[in-house]
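Structure first, commentary second.
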Amino acid sequence: MEIFKKTNFDFLGNKWPFVILSLLLTVAGLVSLAIKGGPRYGIDFSGGALMDVNFKQRPSAEAIRKALHQRISGEIEVQEVSNTQEVFISTGARDDRALQIVRGEMISTLNSTFNSAADNNKLDLNMTGQAALADRLRDPLLRAGVSLSEDQLQALTKAITSYRDTPPRSGLVQNLQDLSSVPGVTPQILKVIEQECFAGNFTIRSVEIVGPKIGADLRQQAIDVVLIALGAMLVYIAFRFEWIYGVAAVIAVFHDTIITIGLFSLFNKGIDLTVIAALLTLVGYSMNDTIVTFDRIRENLKLGVRGSFSDIVNLSINQTLSRTILTSGLTFLTALSLFLFGGQVLNGFSFALVVGIIVGTYSSIFVASPILVFWHNLAEARKHGSRPAAGLESRAVSSAKGPKAVKR
């Protein structure tokens, strides 16, 4: 399938606006990284605790941050999830010992601040498991004259917690009266539940804890993986084509990676394991797009297509343009959908994909290809004993003679 047929765009002749844009983005990203002391790492790499909290009525981020600062030292970040009552609370830890108590401190602080003090002696139904609920109800039910065997009690508490955890509640019962619809919950049992429990104003959906040492090890491993991938691709392309093709492709991929990380710094987004996965995906994606163009250049050279080397490169880019638009466009739409609708958990991953696809696509055309032309012009100038002048076009390849116009 071809969207464009027999196009003749002068990509190399219009490369400078894109080259200047790349330089500006690279410089801006590097300056931001220098000012901020490097990328902002997520807890996967820096260590700390990340808590996903869902509220009935979400308090302001500043109120949550202020309450936690009274009990927990260090930086505390509160991210509100748009169109929901959910927040992500993250905090670092100086050492492993501090990390052991930070989770409890966070839950204790949220409970004392955002749950009613009158309910402190009751069991929070939204923050308890089946076993704890059964232990709390066992004796009060007996005193109330409700005779249940142990199996019946376990079945009852399982039904209650299952009701709480299924959508649309998803772990958050709004009112204890809602439990009347749960099978096995009679008015007498519901009365006991109301005496012993309360429906708290929030629930903890998940907690992630990573020690500082583990985070540092993961960070180093992530850097090693990216460098090994780039090195392996350099060797592969140098073996399949020529070494300059490998250098051009790796420079283009470095360009994509640096700009993407720079934009993460500019937009103050954290880098975690999902972002590294996205960066590795982009390394392979951008490299594959570049190889397709390089392969077409090699084919045209073997076929003896007439024209200068720049003409042949331009022709090759035009010939692969439909393929580039189809693959990049469809992948971009998927990544954009993840970014817009994927939620906070996938935000960093999808942002890296959206930026990387855009940057990776134009780098194959406006970064990798011009490097090949520059090197070819330089080699031709040296071969003929003269320095390459600005805008110098290489002579026709040795196997091609005739006018400069490309013959298709």
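Numbers below:
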{"read-out": "Residue within the range 36-49 that is over 26 Å from Leu273 (Cα atoms) and in contact (Cβ under 8 Å) with a residue 40 or more places away in the chain present", "value": "no"}
{"read-out": "Conditions (1) part of a loop (DSSP other than H, G, I, E, B); (2) in contact (Cβ under 8 Å) with a residue 24 or more places away in the chain; number of the one not met by Ser147", "value": "(2)"}
{"read-out": "Any hit, the range 294-316, residues being under 21 Å from Leu230 (Cα atoms) and assigned to a helix (DSSP H, G or I)", "value": "yes"}
{"read-out": "Count of the range 368-379 residues which are more than 36 Å from the chain's Cα centre (by Cα) and touching a residue at least 40 places away in the same chain (Cβ under 8 Å)", "value": "2"}
{"read-out": "Residues of the range 277-311 satisfying the condition of being under 26 Å from the mean Cα position of the chain (by Cα) and of a type in the set (S, T, N, Q)", "value": "Thr281, Ser286, Asn288, Thr290"}
{"read-out": "Of all residues making up the range 140-154, the number that are surrounded by 14 or more Cβ atoms within 10 Å (Cβ to Cβ) and within 47 Å of the chain's Cα centre (by Cα)", "value": "2"}
{"read-out": "Matching residues in the range 317-349 - criterion: being touching a residue at least 40 places away in the same chain (Cβ under 8 Å), touching a helix residue (DSSP H, G or I) at 6+ places or on another chain (Cβ under 8 Å) and small (Gly, Ala, Ser)", "value": "Gly348"}
{"read-out": "Residue within the range 251-264 that is closer than 24 Å to Asn314 by Cα, out of contact with any Ser or Thr (no Cβ under 7 Å at 6 or more places or on another chain), touching a residue at least 12 places away in the same chain (Cβ under 8 Å) and surrounded by 14 or more Cβ atoms within 10 Å (Cβ to Cβ) present", "value": "yes"}
{"read-out": "Residue satisfying condition, being modelled with pLDDT of 85 or more, farther than 30 Å from Leu50 by Cβ and assigned by TED's automatic domain parsing to the domain that holds Phe366, within set Leu301, Leu263", "value": "Leu301"}
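To keep it simple, each residue is scored yes or no on (1) within 18 Å of the chain's Cα centre (by Cα); (2) in the same structural domain as Phe339 (by TED's automatic domain parsing); (3) surrounded by 15 or more Cβ atoms within 10 Å (Cβ to Cβ).
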| site | (1), (2), (3) |
| --- | --- |
| Glu196 | no, no, yes |
| Asp217 | no, yes, no |
| Gly231 | no, yes, no |
| Ile237 | no, yes, yes |
| Gly246 | no, yes, yes |
| Asn268 | yes, yes, no |
| Asp272 | yes, yes, yes |
| Val275 | yes, yes, yes |
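The values are calculated or read from the model by the stated rules, or taken from the named source; none is laboratory data. Quick caveat, the model's predicted, so the values are computed rather than measured. Note: ideal-geometry Cβ built from the backbone for every residue, glycine included; neighbour counts use all protein chains shown.
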